[in-house]
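Notes follow once the structure below has been shown.
Just so you know, all these numbers are worked out from the coordinates, no wet-lab data involved. Small disclaimer: the values here were computed from a predicted structure and weren't measured. All Cβ positions, glycine included, derive from the backbone under ideal geometry; neighbour counts span all protein chains shown.
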Amino acid sequence: MSNHDHIESHDAHAHGEGMDKKRIWSVFFILLALTALEFLIALGFVHHWGILHKGTMLNVIYIVLTLVKAFYIVAFFMHLKFEKSGFILTVGIVFLFIIYFIVLMMIEGGHLHDSFTHQPIFPHK
């Protein structure tokens, strides 16, 4: 039974070393504030008051806010912040490769779309 108690105490220490109720609520309120800011920008600044206009700058603002929210979710609720640095580096590199391949596929898809619309496979004679 002492081995079971040792394993149980080790698991409790490893998984809960940084997440107490105060930290969970603080991360929750940070995510809530970021979401409220996104709604304020979308509904207030763009549609109601007309301060910001739809375009590249607005998309960049949304992407940055979404990436910050994704960081908090992955770091705290998926416990990546409390992992070893080697694992964090591995996950980060894999994530960058996935983004890189998505961008490559979008570029290649755009090229193929342009090629097929301007030079059809079966041209009309």
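What lysines could a cross-link reach from K54, if we take a straight Cα to Cα line under 26 Å and drop same-chain neighbours fewer than 8 places away?
By straight Cα distance, K54 reaches K69.
Sort 41-51, 106-116 by packing, meaning the average of other beta carbons within 10 Å per residue, with the highest value first. Mind dumping the intermediate values first?
Numbers: 41-51: 12.2, 106-116: 10.1.
Result, highest mean first: 41-51, 106-116.
Please list 3J(HN,Hα) in residue order for segment 100-115, calculated via the Karplus relation 6.51 cos²θ - 1.76 cosθ + 1.60 where θ = phi - 60°; whole Hz, with x for glycine and proline.
4, 5, 5, 4, 4, 5, 5, 5, 5, x, x, 5, 5, 4, 5, 5
Can you give me the long-range amide H partners of L52? Hydrogens built in the peptide plane at 1.01 Å from N, cutoff under 5 Å, separation of 5 or more residues or another chain.
HN-HN under 5 Å from L52: V46.
Could you calculate the contour length gain from H53 to F28, that is, 0.36 nm times the residue separation minus the distance between their Cα atoms, to one decimal place in nm?
Full extension of this stretch gives 6.0 nm more.
Mind giving me the FRET efficiency for A36 and F116? R0 is 35 Å, r the Cβ-Cβ distance, nearest 0.05 is fine.
0.20
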